[in-house]
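Asks: Please read through the structure below; I'll follow up with questions.
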Amino acid sequence: MLVKLWSSALQGIEAKPIRIEVAIHEGIGYHMVGLPDNAIRESWHRIESSLKILGFKMPRQKIVINLAPANLRKEGSAFDLCIALGILGASRQIPIEIFKDHLILGELSLDGQVKQVRGILAMSKVALDLELKGMILPEKNRLQGQWVRKVPISFVTSLAQLLEHTFLQHEHFDTRPLAFRQASIDLPDFGDVYGQKIPKRAMQIAAAGGHNLLLIGPPGAGKTMLSRCLPSILPALSYEEFIETVSIHEISGQNIDTLLTGLRPFRDPHHTTSDVALVGGGKYPQPGEISLAHNGVLFLDEMYEFKRSTLEVLRQPIESHTITISRSNGKVEFPARFMLIASVNPCPCGYLNHPKISCTCSSEKVKRYQAKASGPLLERIDLQIGVAPVDAKTLLEVNPTKASSNPSSEVLREGVLKARQRQKERFNITGLNKQTMLNSMMSSAQIKALVKLDSPSRKLLQHTIEKLNLSARLVHRTIKVARTIADIEDSHEIEMAHLSEALQMRCM
């Protein structure tokens with residue numbers, strides 16, 4: 001008898017439908033075809049043990065299992081449950097019709113318990129596209145499964161529990177109000193950072209428009225602390241962003257507890273990180289740090305300490321918001337829409353241009369140090385701000401919490417949320433690109449259509465282009481920053497003050 005069931009496999013972070021075909025014929029042997037990896041081939045032993053413990057028989061005939069399409073490599077242990085049901089159905093030990101219109105996922109232990117698998121959120125789209133009646137998932141995947149909409153789900157703890165039911169107990173999550181957990185994480189607050197009025201303003205602009213930001217200053221000036229305060233003023237993930245982000249983290253085996261609070265990812269790889277760890281890769285490509293920072297922040301502390309080759313791989317994903325990994329066995333595209341926040345010392349000793357401490361580096365040494373980041377990479381960083389050391393009077397201020405002089409994260413976040421709402425409304429009304437929701441993501445055509453400069457601003461920009469010989473990329477990025485500043489100030493047009501501030505935010 002031939003049985004056909006549905007399952008799913010991951011290719012990068014995208015799920016593909018897999019048709020599992022089980023046929024039992026006269027003869028002997030267990031044959032699995034369709035490019036399975038070792039974990040799938042070893043499923044034979046897990047399935048046989050599970051069936052025997054539950055009182056079923058493993059057919060002593062020729063069992064052929066095909067994982068279609070045959071040209072797509074499959075890996076992992078998520079097919080165990082589906083294959084076990086296929087064998088029981090093909091050998092007529094159970095009625096199989098009820099399972100034919102479900103997407104079945106789960107790893108089996110030797111006693112028939114169903115274990116957790118990766119990629120549930122990505123695979124739910126397969127069930128929706130195939131118009132199946134529902135999904136059968138491990139109970140241990142309930143945390144991820146409750147975020148799946150429009151697809152009924154049956155959660156099972158064991159193969160025995162699944163077979164005891166004459167019908168599947170579906171749960172529907174699309175009608176329930178889905179809310180993020182209350183954040184139990186104490187985020188650093190900008191109110192705890194003394195002084196640094198201009199860097200805080202730059203942080204607000206970066207958060208409002210999704211712009212990249214470089215902080216330049218001596219050791220101890222507060223660059224790292226400012227950067228770690230950034231998540232406190234970012235808006236919570238939308239449902240669509242949440243599904244995308246959690247899918248990437250889940251597939252990579254990352255902890256998703258922080259994401260369940262609605263906080264955007266904040267990735268801060270060490271400067272010894274390799275190219276592959278940053279952009280992704282491997283024999284079977286996996287997401288790197290830039291994809292794990294998707295819809296969030298990638299923080300490079302002491303950027304000049306990273307290898308130049310590692311930094312240069314950032315150039316393409318910063319522009320395209322995706323990274324393509326090519327290997328001999330295929331090509332995979334990962335999303336990489338992130339805000340790049342970097343901090344650097346001005347020289348190896350860190351005290352170049354310090355008001356009180358003398359620099360000990362030679363000019364040649366400084367030049368070599370700063371050359372670790374190329375001009376094209378620095379051009380892609382919209383805001384480049386100097387962070388000066390805080391003086392003793394400001395540091396020991398008795399009452400440093402006045403909103404006017406030392407705004408808290410709550411105050412800065414209000415401006416960010418208002419600016420983002422204006423951007424969302426603007427892009428929805430125009431309909432030029434539904435995917436574009438932030439000023440930093442505007443194309444040249446969108447800048448022409450949406451950005452209006454008043455006459456004085458246009459003259460200032462023209463004068464600056466001629467005086468500093470700015471490239472087209474720099475001009476466009478400056479206009480985007482000016483548009484974000486105008487949004488924060490609730491202005492329809494870009495005025496002289498907005499453009500001037502945007503130009504001043506490029507001190508490099």
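Throughout, read-outs are computed from the coordinates displayed, never taken from laboratory work. These numbers come from a predicted model, not from an experiment. For neighbour counting, all protein chains shown are included, and Cβ atoms are generated from backbone atoms with ideal geometry for every residue, glycine included.
Asks: Report the extension gain between Ala445 and Lys100 in nm, rounded to one decimal, defined as 0.36 nm multiplied by the number of residues separating them, less their alpha carbon distance.
Replies: In short, 119.3 nm is gained.
Asks: Measure nothing fancy, just the Cα-based angle from helix 472-488's long axis to the longest principal axis of the chain, in degrees from 0 to 90, nearest 10.
Replies: Between helix and principal axis, roughly 90 degrees.
Asks: Let me ask something else. Among the lysines, which fall within straight-line cross-link reach of Lys367, defined as a Cα-Cα distance under 17 Å, with same-chain neighbours fewer than 8 residues apart omitted?
Replies: Lys307
Asks: Still on this structure, please answer the following. To the nearest 10 degrees, how steep is helix 120-129 against the longest Cα principal axis of the chain, on a 0 to 90 scale?
Replies: 70
Asks: While we're here: Determine how many Å³ per residue the convex hull of the Cα atoms of segment 5-47 encloses. Provide the component values of the computation, followed by the final result.
Replies: Working: hull volume 4.1 nm³, N = 43.
Convex hull of Cα atoms, per residue: 95 Å³.
Asks: Need one number: % antiparallel among DSSP beta bridges in the chain, to the nearest 5. Don't skip to the end; give the middle numbers.
Replies: Values: 29 of 59 bridges.
The answer is about 50 percent antiparallel.
Asks: Here's a follow-up. Go through segment 2-13 residue by residue and turn each phi into a ³J(HN,Hα) via Karplus (6.51, -1.76, 1.60, θ = phi - 60°); whole Hz please, and just put x for glycine and proline.
Replies: Couplings: 10, 10, 10, 10, 9, 9, 8, 10, 8, 10, x, 10 Hz.
Asks: Report, please, the projected area of segment 2-164 averaged over directions, based on the convex hull of its C-alpha atoms, in nm². The partial results should precede the final answer.
Replies: Numbers: hull surface 33.8 nm².
For segment 2-164, averaging the hull's shadow over all directions gives 8.5 nm².
Asks: Convert 10 °C to kelvin, take the viscosity as 1.306 mPa s, use the Kirkwood radius over C-alpha pairs of segment 330-372 as Rh, and evaluate the Stokes-Einstein diffusion coefficient in µm²/s, rounded to a whole number.
Replies: 121
Asks: Output the peptides 289-298, 223-232 sorted from most to least packed, where packing is the average of other Cβ atoms within 10 Å over each peptide's residues. Let's see the in-between values first.
Replies: On the way: 289-298: 24.0, 223-232: 20.9.
So the order, starting with the most tightly packed, is 289-298, 223-232.
Asks: Here is a further query. Remind me, what semi-axes does segment 83-136 give for its equivalent ellipsoid, largest first in whole Å, using sqrt of 5 times each Cα gyration tensor eigenvalue?
Replies: 21, 17, 6
Asks: OK, next. Would you work out the Kirkwood radius for the chain? I mean one over the mean of 1/r across all pairs of different Cα atoms, in Å. Before the final figure, lay out each step's value.
Replies: Details: mean 1/r = 0.0388 Å⁻¹.
Final number for the Kirkwood radius of the chain is 25.8 Å.
Asks: Please arrange Arg60, Arg413, Arg264 by how many other C-beta atoms lie within 10 Å of their C-beta, fewest to most. It would help to have the intermediate numbers written out before the result.
Replies: Numbers: Arg60 9, Arg413 19, Arg264 23.
By the 10 Å Cβ count, ascending, the order reads Arg60, Arg413, Arg264.
Asks: Let's test the formula: R0 of 22 Å, r as the Cβ-Cβ distance of Asn353 and Ala236. What FRET efficiency results, to the nearest 0.05? Display every interim value, and only then the final one.
Replies: Numbers: r = 39 Å, r/R0 = 1.78.
The value I calculate is 0.05.
Asks: Would you kindly state how much longer the chain becomes between Glu410 and Gln161 on full extension, computed as 0.36 nm times their sequence separation minus their alpha carbon distance, in nm to one decimal?
Replies: Working: separation 249, 0.36 × 249 = 89.64 nm, distance 4.93 nm.
Full extension of this stretch gives 84.7 nm more.
Asks: Another question, if that's okay. So which of Lys200/Lys331; Lys283/Lys424; Lys197/Lys480; Lys100/Lys140; Lys125/Lys372; Lys16/Lys62 end up more than 31 Å apart by C-alpha?
Replies: Violating the 31 Å Cα-Cα cut-off are Lys200/Lys331; Lys283/Lys424; Lys125/Lys372.
Asks: Quick check: net charge around Asp268, other residues with Cβ under 12 Å of its Cβ, Lys/Arg +1 and Asp/Glu -1? Write down the numbers at each step before the final one.
Replies: Numbers: positive: Arg228, Arg267; negative: Glu289, Asp301, Glu302.
After counting each charged neighbour, the total is -1.
Asks: So what are the three principal axis dimensions of segment 190-416 from its Cα atoms, in whole Å, longest to shortest?
Replies: On the principal axes, segment 190-416 reaches 60, 45, 26 Å in Cα extent.
Asks: Give the calculated FRET efficiency between Leu54 and His172 to the nearest 0.05, with a Förster radius of 22 Å applied to their Cβ-Cβ distance. Each step should come with its number before you reach the end.
Replies: Values: r = 29 Å, r/R0 = 1.33.
Efficiency at R0 = 22 Å is approximately 0.15.
Asks: What Kirkwood hydrodynamic radius, in Å, does segment 222-305 give when the mean of 1/r is taken over all pairs of distinct Cα atoms and then inverted? It would help to have the intermediate numbers written out before the result.
Replies: Working: mean 1/r = 0.0737 Å⁻¹.
For segment 222-305, the Kirkwood estimate is 13.6 Å.
Asks: Here is a further query. How do the peptides 466-473, 239-246 rank, highest first, by the average count of neighbouring beta carbon atoms within 10 Å per residue? Can you show the working numbers first?
Replies: Details: 466-473: 11.1, 239-246: 17.8.
Sorting 466-473, 239-246 by mean packing, highest first, produces 239-246, 466-473.
Asks: Compute the distance in nm between two label points, each set 7 Å from the Cα along the Cα-to-Cβ direction, one at Arg142 and one at Asp257.
Replies: About 1.9 nm, to one decimal.
Asks: Which order results if Leu474, Leu88, Leu110 are arranged by neighbouring Cβ count within 10 Å, fewest first?
Replies: Details: Leu474 18, Leu88 25, Leu110 13.
So the ranking, lowest neighbour count to highest, is Leu110, Leu474, Leu88.
Asks: If we count every other residue with Cβ under 12 angstrom of Arg327's Cβ, Lys/Arg +1 and Asp/Glu -1, where does the sum land?
Replies: Numbers: positive: Arg73, Lys283, Lys331; negative: none.
Here the count lands on +3.
Asks: Rounding to the nearest 10 and keeping the result within 0 to 90°, find how far the Cα-based axis of helix 455-468 lies from the longest principal axis of the chain.
Replies: Approximately 90 degrees, to the nearest 10.
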